[in-house]
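Bear in mind that the values in this text are calculations on the coordinates, not laboratory data. Worth saying up front: this structure is predicted, and the values here are computed from it rather than measured. With ideal geometry, Cβ positions are generated from the backbone for all residues, glycine too; neighbour counts draw on all protein chains shown.
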Amino acid sequence: MNTIVDKRALGQGIVELLVDAPRIATKARPGQFVVVRLHERGERIPLTLADWDPTRGTITLVVQMVGKSTRELGERFDVGDVIRDVVGPLGSPSEIHRYGTVVCVGGGVGIAPIYPIARALHEERNEVIGIVGARTNGLLFWLDRMGGVCHELHVATDDGSQGVKGVVTIPLREVLSGRKVAHVWAIGPAIMMKFCTKTCQEFAVPITVSLNSIMVDGTGMCGGCRVEVSGKARFACVDGPEFPGDLVNWDLLLDRLGTFRDEERCALERYLSAEAGTR
Ligand SMILES: Cc1cc2nc3c(=O)[nH]c(=O)nc-3n(C[C@H](O)[C@H](O)[C@H](O)COP(=O)(O)OP(=O)(O)OC[C@H]3O[C@@H](n4cnc5c(N)ncnc54)[C@H](O)[C@@H]3O)c2cc1C
Ligand code: FES
C-alpha cells in the first residue's frame with residue numbers, strides 16, 4: 001500500500017505523482033521501473049522511476065493517460081489516496097560511466113525516464129547534450145530539470161510550437177554531424193527509438209534504448225515482454241529494459257505492441273461508460 005503525497009498536472013494528459021515508497025526510494029537507480037496495481041481488480045502496469053528521494057522516502061512517477069489504467073490513475077487517484085501495490089525497483093539500471101560527450105534524447109513521456117539518466121551522466125562529469133521532443137509544446141515538461149543537468153538542451157516539436165519544427169532526429173543529426181559523441185540514449189515511442197537508432201548507425205555512434213514492450217509481472221515469469229535482441233529472445237523486464245538499439249528487432253517489437261489493441265480499446269470504453277454513469 002503506497003500513498004500519493006503530491007500530484008500535479010505537467011501538460012495535456014500528463015500527471016506527476018509523488019508516492020510514498022521508502023524502500024524503493026533507497027534502492028532506485030536510473031533506468032529502473034516499478035510495476036503498479038491500482039486496486040485489487042487492477043491490471044499491472046510498468047512505470048519508470050522518474051525520480052526518487054531517499055530522505056523523504058518518496059518516488060516520482062510521470063504518467064501519460066493513454067488507456068484505462070493510466071487514465072484511472074491520473075483522473076481518479078488524488079493526494080491521500082492509496083495505490084494497492086507498487087513493486088520495484090525492477091529492471092537493470094543504466095550503465096553510467098564517464099564516456100565523454102553523450103546525448104540523451106527523450107520523446108513525449110520519455111522525457112521522464114531520460115531525466116535521471118542525464119542527471120547521473122552529468123554527475124559522472126560527462127558533457128551531456130539533451131534533446132527533448134513532443135507533438136506540441138503542451139506535451140513538453142521538465143525542460144527546467146533537463147536544462148539543469150545538460151550542458152545544452154535542444155527542443156523539437158512536430159508542429160513547431162516550440163524549438164525546431166519536426167522530430168527529435170533533426171537535432172540529433174545536427175549534433176552528431178558537428179562533434180564527436182561517445183554514446184546516445186533515446187527513450188520514447190518505439191518508432192522514435194527505431195529512427196534514432198538509424199541516425200546513430202549512420203554516424204557509427206552506439207545507442208542505448210529503453211524498450212516499452214508489454215509487461216505483466218515485471219520479473220521474468222510471464223514472457224509478456226519478450227523482445228528479440230541480436231537474434232535472441234530476451235525479456236525486457238529483467239534483461240533490460242535498456243538494450244543496444246542496433247541489435248533490436250524493431251519490426252517485431254512494433255508488431256507485438258499492437259497485440260492487445262482490441263482488448264485495450266474495450267477496457268477503455270468500459271471505463272469511460274462507467275465514468276459517465278457516475279456523473
Ligand atoms: C519499462 C516501462 C516503463 C514505462 N514507463 C512509463 C512511464 O513512466 N510513464 C508512462 O506514462 N508510461 C510508461 N510506460 C507505458 C505504460 O506502462 C503504458 O502506457 C500502460 O501500461 C498503458 O496502460 P493503460 O491501461 O492505460 O492503456 P492500454 O489501453 O491498456 O494500453 C495503451 C498502450 O500502452 C501499452 N501498454 C498497455 N499495457 C501495457 C503493459 N502492461 N506494459 C507496457 N505497455 C503497455 C501498449 O502499447 C498499448 O497499446 C512504460 C512501459 C514500460 C514497458
Ligand atoms: S513482464 Fe513478464 S516476463 Fe517480463
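Screening Val79 against (1) aliphatic (A, V, I, L, M); (2) outside any loop (DSSP other than H, G, I, E, B); (3) out of contact with any helix residue (DSSP H, G or I) (no Cβ under 8 Å at 6 or more places or on another chain) leaves a single unmet condition, (2). Within the range 50-75, how many residues turn out to be out of contact with any helix residue (DSSP H, G or I) (no Cβ under 7 Å at 6 or more places or on another chain) and not basic (Lys, Arg)? So the count comes out to 9.
Among the criteria (1) touching a residue at least 40 places away in the same chain (Cβ under 8 Å); (2) under 24 Å from Val209 (Cβ atoms); (3) not β-branched (Val, Ile, Thr), the one Leu47 does not fulfil is (1).
Mind listing just one residue for me: the one in the range 182-203 that is part of a helix (DSSP H, G or I) and more than 16 Å from ligand 1 (Cβ to nearest atom) and, of those, farthest from Ser92 (Cα to Cα)? For the range 182-203, the residue satisfying everything is Glu202.
Listed by first and then second residue, the pairs with beta-carbon distance under 7 Å, at least 6 apart or on different chains, first residue in the range 53-64 and touching a residue at least 60 places away in the same chain (Cβ under 8 Å) and surrounded by fewer than 16 Cβ atoms within 10 Å (Cβ to Cβ), second assigned to a loop (DSSP other than H, G, I, E, B) and not charged (D, E, K, R), form an empty list.
Listed here are the residues, each with its yes/no results for (1) touching a residue at least 60 places away in the same chain (Cβ under 8 Å); (2) over 19 Å from the mean Cα position of the chain (by Cα).
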| position | (1), (2) |
| --- | --- |
| Ile170 | no, yes |
| Phe203 | no, yes |
| Val216 | yes, no |
| Cys225 | no, no |
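Looking only at residues in the range 204-253 that are within 12 Å of ligand 2 (Cβ to nearest atom) and in a strand (DSSP E or B), the one that is surrounded by the fewest Cβ atoms within 10 Å (Cβ to Cβ) is Ala233.
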